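Colleague: If you scroll down you'll find the structure; I have some questions about it.
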Amino acid sequence: MTTEIPQFKNGQSLRQIRADFPLLTRQINVQGGNTPVPLVYLDNAATSQKPETVISIETRYYETTNANVHRALHTLGEQATEEFEHARERVRSFIGATKPSEIIFTRNTTESINLVAQSWGGKNVKAGDEIILSEMEHHSNIIPWQLLAERTGCILKFIPFTEQGTLNLDAFRTLITDRTVLTAIIHVSNVFGTENNVSAIISEAHKRNIPVLVDGAQSIPHIPIDVQKLDCDFFTFSGHKMYGPMGIGVLYGKENLLETMPPFMGGGEMIRSVKLSGSTWNDLPWKFEAGTPNVPGALGLAEAIKYIENLGIEEIKSYESLLTEYTLAKFQNLEDVILYGPGKHRTGVFSFTHPFIHPHDMAQFLDRSGIAIRAGHHCAQPLMRKLHVSSTSRASIAFYNTAEEIDFLIDKIQAAGEYFNHGI
């Protein structure tokens, strides 16, 4: 792996790609350290780094185009509106949606799921209805449905995961009843890295006309997404996990479903007519985009998509698959370390524990060498309870990571074991 050179669509080398990301060149002044150390960024499941083109397009917007969208007839307003709607079209094309009106800009995956839970759920779910989730969901795909259950009296049911960190699809089939009204499922686990077979889940649910929401926050940066082929009814994701800005997210929904849903929030932009006696709503997608939107965030997301497309999402998947296999093999050589998740059908998320090192201590030890990983419950406390742990350490890769960085990570995990075991 150390000698393999990934082939990306635009012909860039890995070294050239890394040069596109300013933060990857940073030297870390860690607490207690005498000299700065190079950053090894392995916390991509939490948020990804941003290429210079994404950073600069937001600056350019504020310097040259800053105006509110859909409101003004002056040149800046029209230009801002044109660029904003072009960003929507770029998102549509990237995920294979049929129309731009099926693309709703939100703040993040969490807001997208809450929009569906409050709008679609508030209109369609009643006491005794059942919603199927899974035991490996992120909190953002649990709590909105719990709140809906408190309001309506609906029942939440959960697909169990196996010891290998995969979903039990046979159990899913037994959970479906005549009262099931929705399935909401994570595409890629942010703890296990498991790529769930959402196509099978969607197919099974649609046999009974049950709509399916897919949480794509962890899948969209790493694997090709085509919502038409998936045939999902809703798909959600965040810009910041796919090399775009924070504060911008997307809800894709099938037009026929979005048309029947009431607004999520009230205010400007989402209205057609306002009278003191009542109001009527705007067309899609603006019905769900109340208030001034995050215009530079949308432009940054579109630029991030352009960057991904220039590299090639298939090429990204191919390289990351190689790096994932390499990392899995390296973890097998570590004594005592427990690595969670399946050996195949997974992305580059590596959650692990050490029998005598708390995950927080592991993360701080690695940080002294400039290695950035995550430690905690990863917003997946039900999953952690089933594993009988309070937290794990988690390293997660992106296409700009290298085999040399993985070697360094493994060496430092081993050094942490020696240090905490023997006090060396």
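Colleague: With the full set of protein chains in place, find how many percent of the accessible area of the stretch 268-424 is carbon and sulfur; take the probe as 1.4 Å.
Modeller: Result for the stretch 268-424: 50 percent of the exposed heavy-atom area is carbon or sulfur.
Colleague: Can you divide the C-alpha Rg of the stretch 149-240 by 2.2 N^0.38 Å and report the result to two decimal places? Could the numbers behind the result be given before it?
Modeller: Working: Rg = 13.4 Å, N = 92, 2.2 N^0.38 = 12.3 Å.
This ratio for the stretch 149-240 stands at 1.09.
Colleague: So how compact is the stretch 24-97: Cα radius of gyration and Dmax in angstrom?
Modeller: Reported Rg and Dmax, both Å: 18.9, 58.
Colleague: Please name whichever of 110, 94, 127 sits farthest to the positive end of the charge dipole of the stretch 82-129, dipole taken about the Cα centre and charges placed at Cβ: Lys and Arg +1, Asp and Glu -1.
Modeller: Looking along the dipole axis, the top candidate is 127.
Colleague: Moving on to the next point. In what sequence, largest accessible area first, do 157, 330 appear using a 1.4 Å probe?
Modeller: Largest accessible area first, the list is 330, 157.
Colleague: Please express the Cα-Cα pair-distance distribution P(r) of the stretch 58-128 as a list of whole percents, one per 10 Å bin, running from 0 to the bin with the greatest distance.
Modeller: Percent of pairs per bin, in order: 17, 32, 33, 13, 4, 1.
Colleague: Moving on to the next point. Please compute the volume of the convex hull spanned by the alpha-carbon atoms of the stretch 121-176 and report it per residue in Å³. All intermediate terms of the calculation are to be shown ahead of the outcome.
Modeller: Working: hull volume 4.1 nm³, N = 56.
Enclosed volume per residue, from the Cα hull, is 73 Å³.
Colleague: Find the Rg to Rh ratio for the stretch 260-321, where Rh is the Kirkwood radius over alpha-carbon pairs and Rg uses the same atoms.
Modeller: 1.27
Colleague: Same structure, new question: Remind me, relative contact order of the chain in percent, using alpha carbon pairs under 8 angstrom and six or more residues apart? Walk me through the intermediate numbers first.
Modeller: Details: 805 pairs, mean separation 94.6, N = 424.
Result for the chain is 22 percent.
Colleague: To continue, here is another question. How big is the Rg/Rh ratio for the stretch 291-364, C-alpha atoms only, Rh by Kirkwood, two decimals?
Modeller: On the way: Rg = 18.1 Å, Rh = 15.5 Å.
Checking Rg against Rh, the ratio lands at 1.17.
Colleague: Measuring from the lowest to the highest alpha carbon on each principal axis, how far does the stretch 324-424 reach, largest first, in angstroms?
Modeller: Principal extents (largest minus smallest coordinate, Cα): 36, 30, 22 Å.
Colleague: Over the chain, give the accessible area per residue in Å² for a 1.4 Å probe, as an integer.
Modeller: That works out to 43 Å² per residue.
Colleague: Just report the Cα centroid separation between the stretch 367-424 and the stretch 244-296, whole Å.
Modeller: With the stretch 367-424 and the stretch 244-296 each reduced to a Cα centre, they are spaced 41 Å.
Colleague: Give me the one-decimal Kirkwood hydrodynamic radius in Å for the stretch 214-304, with the sum taken over alpha-carbon pairs.
Modeller: In the stretch 214-304 this quantity evaluates to 14.7 Å.
Colleague: Here is a follow-up. Starting from one equal scatterer on each C-alpha and no solvent at all, send me the Debye-based log10 I(q)/I(0) for the stretch 67-108 at q = 0.27 Å⁻¹, two decimals.
Modeller: -0.88
Colleague: Would you mind checking the radius of gyration and Dmax of the stretch 92-215 based on alpha-carbon positions, in Å?
Modeller: 14.3, 41
The values are calculated or read from the model by the stated rules, or taken from the named source; none is laboratory data. Keep in mind that what you see is a predicted model, and the values were worked out from it rather than measured. Virtual Cβ from ideal backbone geometry, glycine too; neighbours counted across all protein chains shown. Keep in mind that these areas ignore ligands, DNA and RNA; they rest on the heavy atoms of the full protein, side chains included. Shrake-Rupley method; radii C 1.70, N 1.55, O 1.52, S 1.80 Å.
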